[in-house]
Amino acid sequence: MDSSSPYSFADFPEDVQLCILSFLNPIEIANFACTSKRFGPLCQTDSKLWYALCDRRWGSKTQIGKWGEGKISYKLLYKTLNKWENLIGFWRRCGQSQQKVNPAAASAGVAKPPGLVFFEWGPSFLRGSRVSPSQNGTYGVLKSPFLIMGISAEGQIANYLDPEGHNGADCELGSPETDSIHVNVNFIGDFHFSVEEDESFANRRSSNGENARSGGDDSGDEVGGSNGFESGSPPASLPEMVEMYQYYANRSSPGADRSLRRQRKRGKERQFRKRWETEHYLKIVDCFPTQSRPLQGIWKGICDEMKLEFYLVEYDGVGISCRRLGDLSERLSSCMPVFWTSNPTFIDSPLSPEELHVYDSRIHIRPPPDETYVDDEVVMRVMYINSSFDLVIPGLEGNAANPWRVEGRIWQYKSGAFGFGFLRDNFVVDLKHIAQNGCLLDIMGPPCSD
């Protein structure tokens, strides 16, 4: 502000001050708080300022006041959401999955849990859903919520997993009374995270169940009240120390061999009780189109076998490549280009008669006529495909046909979607958005109600 002005920041009403400060980041807030003692209370942990910061950044995506049942510090909420925000979007599983497939997906012909995961905002949590293409020849997408991330009223991170989708219809933060599995989500940089079962919670639950079945008296089987720990599982922060203490204590106590055998047996039983094998996920960056990269992102299209496929289109700095999106655990899944072009330049309409004939003479692969489909795809511009790799099969390099040089076209429509085809074929594969504005499109089955 102009130093000659008779007004200062302190003269503004508090709601105006909060509105202005909500544009700052935490470091800038801390610096501002040091400028004057009068502004210190305005920047306190539980002040209205941190609510304003959260509301400005995420208020249009989630219900800020519902997180932690409205009982947590908004500074804690800001810190948590700032870390979790990077999860929004698409991720893909890395490695083989050892989990069971969702019953709904199994009935639809899915043999194993899908490797594609989509994270989105819920009212008071983040929801991760497995996503897979339908098998009925339509653009429908199967969505199975399986990971819920939230904050408890006590300010503790609460992550729940529903691997088989039993509680997916509710899509709410899990609770110990449900079949949900408590898990830890471990971040490894910005583009990699793992989901592993919270063994400390599982052990506490198992121990509580054993004590309930035995009437609560487990003094003969565990090193109990004399060591300062409650009967049951020891605190998660000291597992190795407690195991060492039990080992040496039991060696010098009567019936040591019998007690050691019990401990080994319990250890094996707890291993077999594990309900979730750790899985790793990698972020799919640039999974949505932009103005400068209109073809970028994840798309869905029906191939010539009337089977829905997911496609990943990337701008690699040299050109544009398109691949079918499969699990990283599948052989050559990341090396299955459908097409590639080194000249990502569009030719705008009006098109020449020759180009119009190339497009009009082809059949569009679309759902059956009885499916809802609006035929409003008007071609706005065309891009040439000068290379295709979809026929490159190991061991067939000596073929007379040269699969490395196949000409084709990409037709971008007015709606922003596009189709592609090759001159050797007589059809066009139309690709549609799989998600828009942070929401999946064409979800089959009852969606989650927020």
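The values are calculated or read from the model by the stated rules, or taken from the named source; none is laboratory data. What you are looking at is a predicted structure, and each value in this text was computed from that prediction instead of being measured. Glycine gets a Cβ as well: all are built from the backbone with ideal geometry, and neighbour counts include every protein chain shown. Ligands, DNA and RNA are excluded from the accessible area calculation, which covers all protein heavy atoms including side chains. Shrake-Rupley method; radii C 1.70, N 1.55, O 1.52, S 1.80 Å.
Kindly evaluate residue 35 against the criterion of being among the β-branched types (Val, Ile, Thr) and in contact (Cβ under 8 Å) with a residue 60 or more places away in the chain.
The answer is no for residue 35.
Of the residues that sit in the stretch 60-94 and are part of a loop (DSSP other than H, G, I, E, B), touching a strand residue (DSSP E or B) at 6+ places or on another chain (Cβ under 6 Å) and not hydrophobic (A, V, I, L, M, F, W, C), which one is surrounded by the fewest Cβ atoms within 10 Å (Cβ to Cβ)?
Within the stretch 60-94, the match that is surrounded by the fewest Cβ atoms within 10 Å (Cβ to Cβ) is 61.
For residues that are open to solvent by 20 Å² or more (accessible area, probe 1.4 Å) and at pLDDT 90 or above, scanning just the stretch 310-337, find the one that is farthest from residue 183 (Cα to Cα).
Within the stretch 310-337, the match that is farthest from residue 183 (Cα to Cα) is 315.
Which residues, counting only those in the stretch 144-175, are at pLDDT 90 or above, open to solvent by 20 Å² or more (accessible area, probe 1.4 Å) and either among the aliphatic types (A, V, I, L, M) or touching a Cys at 6+ places or on another chain (Cβ under 8 Å) (or both)?
153, 157 - these are the residues of the stretch 144-175 that are at pLDDT 90 or above, open to solvent by 20 Å² or more (accessible area, probe 1.4 Å) and either among the aliphatic types (A, V, I, L, M) or touching a Cys at 6+ places or on another chain (Cβ under 8 Å) (or both).
Inside the stretch 280-309, can you point out the residues that are open to solvent by less than 50 Å² (accessible area, probe 1.4 Å), at pLDDT 90 or above and within 30 Å of residue 182 (Cα to Cα)?
The answer is 281, 283, 284.
Sort out which residues of the stretch 420-434 are in contact (Cβ under 8 Å) with a residue 60 or more places away in the chain and closer than 14 Å to residue 364 by Cβ, and write them in order of number.
Within the stretch 420-434, 420, 425, 426, 427, 428, 429, 430, 431, 432 qualify.
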